[in-house]
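To start, the structure itself, in structure tokens.
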Amino acid sequence: MRVYLLVMLVAATVTFLATPFARWVALRTGAITAVRDRDVHTIPTPRLGGVAMLLGLVVAVVFASQMPFLEGVFVGEVAGRLVADPRAWGIVGAAAIVCVLGVADDIWDLDWMTKLAGQVLAAGLMATQGVVLFTLPIGIGDQQLIWSSRLQLAATILVVVVAMNAVNFVDGLDGLAAGLVAIGGSAFFVYSYVLTQKASADDYSSLATLVIAALVGICVGFLPHNFHPARIFMGDSGSMVLGLVMSAAAIVVTGKIDTSALSGAQQIPAFIPILLPLAVILLPLLDMGMAVVRRVARGRSPFHPDRMHLHHRMLALGHSHRRAVLILYVWTAVFAFAAVALVQWHWHGVAVGLGAAVVVAALLTLGPLRTRGRFLDDDAAPAVEAPSAPPTDPPPAAPAASPAVPSPPKEALR
């Protein structure tokens with residue numbers, strides 16, 4: 001566990017230190033997010049935060065490759081001899097591809113077909129390096145296998161592309177995407193580590209756990225620069241890297257799960273990796289699904305922008321910028337850690353705890369915090385001062401209007 005935490009710290013430190021450099025590059029290259037009608041930010045903000053995230057990921061994986069504890073991640077045994085395992089480097093290479101693609105989009109605003117082609121290319125690269133979805137935790141034994149290599153490739157590409165776009169869809173408030181992935185990734189980290197412990201009693205090295213540790217680290221390192229008011233956005237270069245790394249970890253985990261060896265209660269979280277996993281990126285997937293249905297129903301492209309995302313709805317409910325982000329953090333933690341709890345505890349107890357947590361999250365979302373509360377910030381300050389200002393205006397206006405009492409009714413009748 002300590003080695004994984006050290007990798008996480010390295011990723012966080014490198015990302016934190018590299019983010020100012022990414023901001024400098026964004027300002028010099030014109031990769032700046034202008035203020036549009038659908039946006040929440042009020043001043044043009046540089047992006048390219050994904051460059052710092054990629055650098056943190058690369059340094060963390062290189063650092064991990066030098067750790068004897070994680071040797072099993074980079075070296076495997078085939079036919080009695082040790083050979084290099086290319087999967088970790090395949091994930092890093094694919095992340096580099098989507099980061100470059102995102103940088104190009106952040107600077108020149110690429111069309112959606114070009115971005116989709118680049119995403120498919122990155123997913124294909126990972127597949128050629130062994131990160132392939134070849135099993136589904138459904139059935140027993142051979143029934144879990146995807147026998148066709150073409151279906152394996154198609155399933156892998158689908159999972160990776162959906163994950164990247166899901167994270168991109170939810171990246172609408174300062175610190176939202178990075179925080180959601182950090183929280184969901186922390187739950188996934190615990191989940192993967194527990195599976196690793198169950199799989200081997202003397203070797204806790206795991207590619208999925210390593211990748212998730214690095215993912216959480218780069219999110220934590222980026223958040224101080226990205227939390228409201230953000231000094232830099234991650235841009236597509238960051239959101240696609242996060243989605244790809246998350247999906248890669250989920251794909252790797254599926255190869256470690258044998259549902260025939262799990263109890264009925266433990267089989268429930270075994271299904272998580274099928275959808276990337278649902279409990280970890282539930283909000284991004286939900287937001288993306290609602291957006292696609294909403295736009296297609298109106299006869300528009302699924303990629304047509306609007307102001308109906310979950311974060312827009314939170315602001316419409318009356319929450320401030322920071323409070324909306326914090327409440328969405330709570331929702332992510334509720335579902336992500338509830339899924340992880342199923343690995344250790346009976347589903348009855350988890351269901352009770354989940355129900356109580358949902359009630360608390362719902363009260364935070366729909367309760368009195370929408371207008372006043374403990375989480376007031378700079379955005380909320382004007383809303384608090386506004387009610388006290390109007391009462392001071394009428395008294396000066398009343399004396400001024402009193403000498404001309406007869407005339408206002410005539411003007412009003414007109």
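Give me the extension gain from I32 to D203: residue separation times 0.36 nm, minus the current Cα-Cα distance, reported in nm with one decimal. Taking I32 through D203 to full extension adds about 56.9 nm, to one decimal. Amide H contacts of M234 (H built 1.01 Å from N, in plane; Pro and chain starts excluded): G49 sit under 5 Å, all sequence-distant by 5 or more or on other chains.
Under a 5 Å amide H cut-off, with hydrogens placed 1.01 Å from N, V75 pairs with D85 among residues at least 5 apart or on other chains. Here the Karplus relation 6.51 cos²θ - 1.76 cosθ + 1.60, evaluated at θ = phi - 60°, turns the backbone of the range 26-32 into coupling constants of 4, 5, 6, 9, x, 7, 10 Hz, with x for every Gly and Pro.
Laboratory data are not the source of any read-out in this text; all were calculated from the coordinates shown. Treat the numbers as computed from the prediction; the structure is a model and nothing was measured.
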